[in-house]
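Enquirer: Structure incoming, see below.
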Amino acid sequence: MIKKVAILTSGGDAPGMNSAIRAIVKSAHWKGLETFLVYGGYKGLTEGNIVKSSNIEIDRYINQGGTFIYSSRFPEFIDPEVREKAKKQLIDKGIEALIVIGGDGSYHGAQLLHTIGIKTICLPGTIDNDISSSDYTIGFFTALETIVSSVDKIRDTARSHHRCIIVEVMGRYAGDLAAHAGIATGAELIITSENKKTVDEMIEVVDYQMNKLKKDSVIIITTEHIYDDINSIAKEIESKTKVETRGSVLGHIQRGGTPTSMERYLSTIMGNFAIELLCEDKSGFAIGFVKNELVSEPILKALEKPKQKYFDTVEKFSKINQEN
Ligand code: F6P
């Protein structure tokens, strides 16, 4: 059985990464394993930024946002020479296994390390929820709470001024955050990459809701990367409908904050499961939470899973929310 395990976080940080790290360290110590923290993701790994962790100090991180071991985006890891360097950093310290918390790019890195002899396990850590081998990823619930509470506030001001406000949320190319937030806030139009709307279609909705139905506000929620500039779309809507319209890009606020209870629960049971898998000598596996159960499968299989489809759901709820 392995004796030493390292942990790294990679890609965009996500609330719950810290509670996952804590769970891994605690569970490893419980099983008699030594734990090491890799500071700065795959870049830090390659540079040998690896420190033995304490089992006691770690408890304070259970409710903190971000990742206290830092993260990075490191495309250079695709180079086999860079990976050999990273492997050597682990081997030199007698570390046989690495647990990676991150999104799909981080999964690819872990798969490549697995093929050159480092035991790896992946935890889905991204606010985007775009790792289809898990119903939910670490970070998604907290980002969703942030978006929903922001949109509730935006609705207050939109109502007070009889305005339409277009809210752009993160998600990279996945519509999970927009779909869940749109349904949870009653947005009149929910847009994801599956149901992109033209500006004319938006104008039609705003005109009907505000000028015919005499509603006091309209909220449009869209996933990022669909429109170049929601502020210029807002201007166009305003000029055609005479309804005051604004754009609001929520931005990086969505990535921060105290992880919610569900986030802490999910990241803690996933972190513990990662150690159990390593103790069973598993490697090259990705952990997921599917239908209320922890599951694991080979990383490559996990990456092939089709993405969640939202077209019918968001179309239906947009229509329902447009009813007077
Ligand atoms: O993957 C998480 C995420 O926050 C995406 O939602 C977003 O598109 C991207 O990262 C932003 O990355 P960066 O902070 O590097 O600009």
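The values are calculated or read from the model by the stated rules, or taken from the named source; none is laboratory data. Please read all numbers here as calculations on a predicted model, not as lab measurements. With ideal geometry, Cβ positions are generated from the backbone for all residues, glycine too; neighbour counts draw on all protein chains shown. Just so you know, the surface numbers come from the protein's heavy atoms only, side chains and all, with ligands and any DNA or RNA stripped out. Shrake-Rupley method; radii C 1.70, N 1.55, O 1.52, S 1.80 Å.
Enquirer: Per-residue ellipticity at 222 nm for the chain, helices alone: DSSP H runs ≥ 4 residues times -39500 (n - 2.57), over residue total, nearest 500 deg cm²/dmol? Intermediate values should be presented prior to the final figure.
Expert: Values: 11 runs with 134 residues, N = 324.
Only helices count here, giving -13000 deg cm²/dmol.
Enquirer: So, one more: In whole percent, how big is the carbon plus sulfur part of the accessible area of the chain, probe 1.4 Å, protein atoms only? Provide the component values of the computation, followed by the final result.
Expert: On the way: 7260 of 14220 Å².
Carbon and sulfur atoms account for 51 percent of the accessible area of the chain.
Enquirer: Between K196 and E280, what is the label-to-label distance in nm when each label sits 7 Å out along the Cα-to-Cβ direction?
Expert: 4.3 nm
Enquirer: Continuing with this model, one more query. To the nearest 0.05, how large is the calculated FRET efficiency for K240 and R60 if R₀ is 56 Å and r is the Cβ-Cβ distance?
Expert: Values: r = 54 Å, r/R0 = 0.96.
The formula returns an efficiency of 0.55 here.
Enquirer: Run the numbers on the chain and let me know its relative contact order in percent, using alpha-carbon pairs under 8 Å that are six or more apart.
Expert: Working: 722 pairs, mean separation 77.0, N = 324.
Relative contact order here is 24 percent.
Enquirer: Cα centroids of the stretch 182-219 and the stretch 1-33: how far apart, whole angstrom?
Expert: 43 Å
Enquirer: Relative to the longest principal axis of the chain, what angle (0 to 90°, nearest 10) does the C-alpha long axis of helix 17-30 take?
Expert: Roughly 30 degrees, rounded to the nearest 10.
Enquirer: What FRET efficiency comes out for K88 versus D229 if R0 is 30 angstrom and r is the Cβ-Cβ distance? Round to the nearest 0.05.
Expert: 0.05
Enquirer: What nm distance separates the two modelled labels at H162 and T258, each placed 7 Å from Cα along Cα→Cβ?
Expert: Label at H162, label at T258, 4.0 nm between them.
Enquirer: Here is a follow-up. Rolling a 1.4 angstrom probe over the protein chains, ignoring ligands and nucleic acids, what is the accessible area of H180 in square angstrom, nearest 10?
Expert: 60 Å²
Enquirer: By how many nm would the segment from E323 to N292 grow when fully extended, if each residue of separation counts as 0.36 nm and the alpha-carbon distance is taken off?
Expert: Details: separation 31, 0.36 × 31 = 11.16 nm, distance 3.38 nm.
This chain segment gains 7.8 nm when fully extended.
Enquirer: Let me ask you something else. Enumerate the calculated ³J(HN,Hα) couplings along the stretch 280-289 in order (Karplus 6.51 cos²θ - 1.76 cosθ + 1.60, θ = phi - 60°), each rounded to whole Hz, writing x wherever the residue is Gly or Pro.
Expert: 8, 6, 7, 8, x, 10, 10, 9, x, 10
Enquirer: Build a GNM of the chain with springs between Cα atoms under 10 Å: which of V51, V206, V169 gets the top mean-square fluctuation?
Expert: Result for the chain, Cα springs under 10 Å: V51 fluctuates most.
Enquirer: Tell me, what HN-Hα J-couplings in whole Hz come from the Karplus equation 6.51 cos²θ - 1.76 cosθ + 1.60 at θ = phi - 60° for each residue of the stretch 249-254, using x for Gly and Pro?
Expert: Going residue by residue, I get 9, 5, x, 6, 4, 5 Hz, with x marking Gly and Pro.
Enquirer: So, one more: Any chance you could give the angle, 0 to 90 degrees and rounded to 10, that helix 140-160 forms with the longest Cα principal axis of the chain?
Expert: With rounding to tens, the tilt is 20 degrees.
Enquirer: Okay, next question. Using θ = phi - 60° and the Karplus form 6.51 cos²θ - 1.76 cosθ + 1.60, what ³J(HN,Hα) does each residue of the stretch 235-245 get, whole Hz, x for Gly and Pro?
Expert: Coupling constants for the stretch 235-245: 5, 5, 4, 4, 5, 7, 9, 6, 9, 4, 9 Hz.
Enquirer: Let me ask something else. Of I138, I226, I78, which has the largest mean-square fluctuation in a 10 Å C-alpha GNM of the chain?
Expert: Of the options given, I78 has the highest mean-square fluctuation.
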